[in-house]
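Take a look at the structure set out below.
Read the figures in this text as sums done on the coordinates, not as results from a lab. Note that the structure is predicted; figures quoted are calculated from it, not measured. All Cβ positions, glycine included, derive from the backbone under ideal geometry; neighbour counts span all protein chains shown.
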Amino acid sequence: MGTSPNSISENYLEGEISFYFNGKLLKAKQGQTIAAALMANGIKKLGVSRKLQQPRGLFCANGRCCSCFVSVNELDHVLSCMTLVEEGANIYSNDGDPDVRRKANGN
């Protein structure tokens, strides 16, 4: 009882789902990471660097760097390379640091 080389991929990425990136409706395959879904839609810029304000995108693709951070459903600094895209998710590019002190103090 062996497995064919395509046995896993036959059932993987079958269903199509919808999500939003910066307010724009996009489609993805169920089981894709957010980064993969964005790249499949032609989006390579996931945010800007803090200091130099230069474009950031997918770099290591294994969760070790912070280049692919996005905001998902109001949760900041989500690793898009390690997080699966979900139906109806609201994803935003990470164009700045969250003001943690303001949120913590309720201001």
### Query
Restricting attention to the stretch 19-68, which chymotrypsin sites (Phe, Trp or Tyr not before Pro) occupy a DSSP loop and are surrounded by at most 14 other Cβ atoms within 10 Å?
PHE59
### Summary
The local net charge around CYS68, scoring Lys/Arg +1 and Asp/Glu -1 for residues other than CYS68 whose Cβ lies under 15 Å from its Cβ, equals +3
### Query
Once you put a point 7 Å from the Cα of HIS77 and another 7 Å from the Cα of LYS27, both along the Cβ direction, what distance in nm separates them?
3.6
### Task
With a cut-off of 16 Å, note down the residues of the stretch 76-94 whose backbone N falls inside the zone around a label point 7 Å from the Cα of LYS51 toward its beta carbon.
none
### Query
Long-range amide H contacts for ASN94: which residues qualify at under 5 Å (H placed 1.01 Å from N, peptide plane, sequence gap of 5 or more or a different chain)?
GLY47, VAL48, SER71
